[in-house]
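Enquirer: My questions will all concern the structure given below.
The values are calculated or read from the model by the stated rules, or taken from the named source; none is laboratory data. These numbers were taken from a predicted model, which means no experiment stands behind them. Note that we place each Cβ from the backbone using ideal geometry, even for glycine, and neighbour counts take in every protein chain shown. Protein only, heavy atoms only, side chains kept; ligands, DNA and RNA dropped before computing areas. Shrake-Rupley method; radii C 1.70, N 1.55, O 1.52, S 1.80 Å.
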Amino acid sequence: SPEVGYVPSSPSVGDKLGVSDMFEYFPKGDAHYYHHVNDDAPYQKLEQFKIRMLSEFGFQSYPSLKTLREYLPVEALAPYSEEMLVHQKFNGGNQVIELYLSRDFFVPKRFEQYVYMSQMMAGEILRYTAEYMRRERDYSRGLLIWQHNDCWPVVSWAGVDYCGRWKGQQYYMKRFFAPVLVSAKVDEGQTGLYVVNDRPHSVEGQLQWALYDGRKVVSSGVKDI
């Protein structure tokens, strides 16, 4: 079928000679990117790159606590129990989760909070990335999340766990992949608000924003768009 366009693999730059490292895929073709592969770089560092198509991207988190209780005894409900590590197939995966948690939030001591915060961390990283890619849509033309669901009860990059329960990132995705998206970008102390419309027609509405300092709203506004 020579008339049908295709790429021989993913990622691909359409170059038979291949590339020397993952960063060469960013401007030329479709790319795969995981922060831990880039020396555990802060997820905000992704904005340093211009990426045509991010065809594989994600961050690990724990499945639902209800799911964990279905296949592990109570005494094994801990990140580094022997049984739990059997269900964590990414070598050093817990350490990566904890590193990013320590940067933005904290590493909980209670397992229930540990599970929950791992899901929130994954959701925040995916949100930040998707919002950046969509703001740059004149150049960046797509983002595929790895992965949708699991074939086994496991700590993974999935948004839906083995028992079909939504993890935190799935709720985030419902928002950051919405056709009309509002996002904020902080740059040298200034915050810009961006509206992206991926519908086939224009939209009108009222943008409401508020700045919260952790205790109270310190500034707010409304703008017709």
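Each row is one residue, and each column tells you yes or no for (1) open to solvent by 40 Å² or more (accessible area, probe 1.4 Å); (2) farther than 21 Å from Leu99 by Cα; (3) at pLDDT below 90.
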{"position": "Ser10", "(1), (2), (3)": "yes, yes, yes"}
{"position": "Gly14", "(1), (2), (3)": "yes, yes, yes"}
{"position": "Leu17", "(1), (2), (3)": "yes, yes, yes"}
{"position": "Glu24", "(1), (2), (3)": "yes, yes, yes"}
{"position": "Gly29", "(1), (2), (3)": "no, yes, yes"}
{"position": "His35", "(1), (2), (3)": "no, no, yes"}
{"position": "Asp39", "(1), (2), (3)": "yes, no, yes"}
{"position": "Gln44", "(1), (2), (3)": "yes, no, no"}
{"position": "Lys50", "(1), (2), (3)": "yes, yes, no"}
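Enquirer: Considering the stretch 174-183 alone, what residues qualify as being touching a residue at least 40 places away in the same chain (Cβ under 8 Å) and open to solvent by 30 Å² or more (accessible area, probe 1.4 Å)? Spell out how you get there, then give the answer.
Expert: Narrowing the stretch 174-183 to residues touching a residue at least 40 places away in the same chain (Cβ under 8 Å): 175-177, 181, 183.
Matches in the stretch 174-183: Arg175, Phe177.
Enquirer: Right, something else. State which residue is nearest to Leu126 (Cα to Cα) when the search covers only the stretch 203-225 and only residues that are of a type in the set (Ser, Thr, Tyr) and open to solvent by 60 Å² or more (accessible area, probe 1.4 Å).
Expert: Pass one, the stretch 203-225, residues of a type in the set (Ser, Thr, Tyr): 212, 219-220.
With open to solvent by 60 Å² or more (accessible area, probe 1.4 Å) added as a condition, the list becomes 212, 220.
On the way: Tyr212: 22, Ser220: 26 Å.
Ranking the qualifying residues of the stretch 203-225, first place goes to Tyr212.
Enquirer: Which of the residues spanning the stretch 186-202 are open to solvent by 60 Å² or more (accessible area, probe 1.4 Å) and either among the β-branched types (Val, Ile, Thr) or touching a residue at least 12 places away in the same chain (Cβ under 8 Å) (or both)?
Expert: The answer is Val186, Thr191, Leu193, Tyr194, Val195, Asp198, Arg199.
Enquirer: Anything in the stretch 120-160 that is assigned to a loop (DSSP other than H, G, I, E, B) and open to solvent by less than 30 Å² (accessible area, probe 1.4 Å)? List them, or say none.
Expert: At the first step, the residues of the stretch 120-160 found to be assigned to a loop (DSSP other than H, G, I, E, B) are 136-142, 146-148, 150-155, 157-159.
Correct list: Ser140, Gly142, Asp150, Pro153, Val154, Val155, Ala158, Gly159.
Enquirer: Would it be correct to say that Tyr171 is surrounded by 11 or more Cβ atoms within 10 Å (Cβ to Cβ), farther than 30 Å from Asn149 by Cα and of a type in the set (Phe, Trp, Tyr)?
Expert: Working: surrounded by 11 or more Cβ atoms within 10 Å (Cβ to Cβ): yes; farther than 30 Å from Asn149 by Cα: no; of a type in the set (Phe, Trp, Tyr): yes.
No; evaluated as a whole, the condition is false for this residue.
Enquirer: Find all pairs meeting these conditions: Cβ atoms under 6 angstrom apart; at least six residues apart or on different chains; first residue within the stretch 19-34 and touching a residue at least 24 places away in the same chain (Cβ under 8 Å); second residue crowded, with 18+ Cβ neighbours inside 10 Å and in a loop (DSSP other than H, G, I, E, B).
Expert: Phe26/Ile51; Lys28/Val13; Gly29/Val13; Asp30/Pro11; Ala31/Pro11; Ala31/Ile51; His32/Pro11
Here's the yes/no breakdown for (1) open to solvent by 20 Å² or more (accessible area, probe 1.4 Å); (2) of a type in the set (A, V, I, L, M, F, W, C); (3) part of a helix (DSSP H, G or I); (4) modelled with pLDDT of 95 or more:
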| position | (1), (2), (3), (4) |
| --- | --- |
| Pro63 | no, no, no, yes |
| Lys66 | yes, no, yes, yes |
| Leu85 | yes, yes, yes, yes |
| Phe90 | yes, yes, no, no |
| Leu99 | yes, yes, yes, yes |
| Pro108 | no, no, no, yes |
